[in-house]
Amino acid sequence: MNSTIEKRIAAIRQMLVEKELDALMVSIQENRYYLSGFTGEDTQFDESAGVLIISDRHLVLATDSRYELQAQSQAPGFDVVCYPKGLEKELPEIAASLGIRRLGVESVRISQKNYTAYADALAKMNPKVALTPTENMVESLRQIKSEEEIQRTVAALRLAENAFARTIDALRPGMTEKQVAWSMEKTMREAGAQGLSFPVIVASGPNSALPHAVPTDRRLAPGEPILIDWGARVDEYCSDTTRTVVMGPPDDHFLKVYDTVVEARDLAIAAIRAGAGGTGIDKVARDHISRNGFAGKFGHSLGHGTGLAVHERPRLSPIKNDRLEAGMIVTVEPGIYIPGWGGIRMENQIVVRPDGAQVLNDPAPFTPRIRV
């Protein structure tokens, strides 16, 4: 077991003491990897590659036969337990062997069905084992990135930016949104991406007024906004960037919207530093957009954390005032969305530093115009 994982487990064990828990059952995929190195993937919500059970003195990775050898190879220091009949059947024996009486579970991930099944199975033991819902125990650690994690994110970002540059060089009128999205995905995967951070968003013309549009068969045309939101996963870490471009010369309205969004993004980035609140940063961008005649056209939050997941804590939001700390990676992505015309969003990833923000994106100047 490497020293980084040892430190993370030590931090979880300290939390167990503070929360008066005997052990924590870790079922969120990203949290399992963070604490063990095990890369088994949950293919859908009701299918699991396994759980970690961390107590004060023991480390268990419980999984099924599909992942047994992988777990043994990737998670040194963990006792691998295979559950051929499901975790529900094996959990009471694991709890008894570890002397667990209060077992924390990640309430964000566990379904009501599984919670009930586990609780019923554990309640039949003598003495009984109580399940205790928890939130953000591992995620609170994941918020602060090490320099190694930051460099993994930069690697994912550079690969994704190179794919974008190659794709927009090939854009021509008449291409469909789906064709552009596939070009982005294909280029990233051929360049070595482990996968996508999320399905590529390509939205043109009026479709770009939908912040999370799904690519369609609509064909690109000169003079209209083309919004592309994409990201790559490299060595488990996610990038996330949005750019809006136009084929041919942009008109004055496009430039007015575009300049307002870029200015709002840059003002918000300039306000970021350790100790700042997320709602205040969001307000900087939102107020600038409103002052320039686009009040009510920026509906979503300003940004979010990235890491092993593309959406994680903290949030830059008008609703929740997460306090920023040095080492956090967040996106800054203001947008203006006008029904019937389209939308423009510009998104960078940044690292919070004690005295400001470090932009991770390529510093080379970017122009929205594609010459065709």
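Hey, can you tell me all the residues within the range 158-190 that are closer than 13 Å to residue 226 by Cα and surrounded by fewer than 15 Cβ atoms within 10 Å (Cβ to Cβ)? Of everything in the range 158-190, those that are closer than 13 Å to residue 226 by Cα and surrounded by fewer than 15 Cβ atoms within 10 Å (Cβ to Cβ) turn out to be 172, 173, 174. Could you please let me know if residue 105 is in a strand (DSSP E or B), touching a residue at least 24 places away in the same chain (Cβ under 8 Å) and either loosely packed, with under 15 Cβ neighbours inside 10 Å or touching a strand residue (DSSP E or B) at 6+ places or on another chain (Cβ under 7 Å) (or both)? Yes; evaluated as a whole, the condition is true for this residue.
Please go through the range 257-285 and pick out each residue that is surrounded by fewer than 20 Cβ atoms within 10 Å (Cβ to Cβ), among the charged types (D, E, K, R) and closer than 13 Å to residue 345 by Cα. Answer for the range 257-285, where residues must be surrounded by fewer than 20 Cβ atoms within 10 Å (Cβ to Cβ), among the charged types (D, E, K, R) and closer than 13 Å to residue 345 by Cα: 259, 263, 266. Only one entry of 291, 323, 313 meets the criterion of being out of contact with any Phe, Trp or Tyr (no Cβ under 9 Å at 6 or more places or on another chain), surrounded by fewer than 21 Cβ atoms within 10 Å (Cβ to Cβ) and closer than 22 Å to residue 209 by Cα, and that entry is 291. Number of residues in the range 191-228 that are more than 26 Å from residue 37 (Cα to Cα), surrounded by 24 or more Cβ atoms within 10 Å (Cβ to Cβ) and not aliphatic (A, V, I, L, M) equals 3. A single member of 176, 116, 153 is in the same structural domain as residue 352 (by TED's automatic domain parsing) and farther than 30 Å from residue 350 by Cα, and it is 176.
Every residue, every condition in (1) among the hydrophobic types (A, V, I, L, M, F, W, C); (2) farther than 24 Å from residue 298 by Cβ, yes or no:
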| position | (1), (2) |
| --- | --- |
| 189 | no, yes |
| 200 | yes, no |
| 204 | no, no |
| 209 | yes, no |
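None of 251, 217, 235 is in contact with a Ser or Thr (Cβ under 9 Å, 6 or more places away or on another chain) and either within 20 Å of residue 348 (Cα to Cα) or in contact (Cβ under 8 Å) with a residue 24 or more places away in the chain (or both) except 217. Would you check which residues across the range 313-372 are of a type in the set (Lys, Arg) and more than 16 Å from the chain's Cα centre (by Cα) and list them? Residues satisfying the conditions are 320, 323, 345, 353, 369, 371. Tell me which residues, restricted to the range 64-86, are free of Cβ contacts under 8 Å to residues at least 24 places away in the same chain and in contact with a helix residue (DSSP H, G or I) (Cβ under 8 Å, 6 or more places away or on another chain). Hits for the range 64-86 are 80, 81, 82, 83.
Could you go through the range 128-145 and let me know if any residue there is touching a Ser or Thr at 6+ places or on another chain (Cβ under 8 Å), free of Cβ contacts under 8 Å to residues at least 60 places away in the same chain and either crowded, with 20+ Cβ neighbours inside 10 Å or not β-branched (Val, Ile, Thr) (or both). The answer is yes, given that some residue of the range 128-145 is touching a Ser or Thr at 6+ places or on another chain (Cβ under 8 Å), free of Cβ contacts under 8 Å to residues at least 60 places away in the same chain and either crowded, with 20+ Cβ neighbours inside 10 Å or not β-branched (Val, Ile, Thr) (or both).
The values are calculated or read from the model by the stated rules, or taken from the named source; none is laboratory data. Small disclaimer: the values here were computed from a predicted structure and weren't measured. A quick note on method: Cβ atoms are made from the backbone with ideal geometry, for glycine too, and the neighbour counts reach across all protein chains shown.
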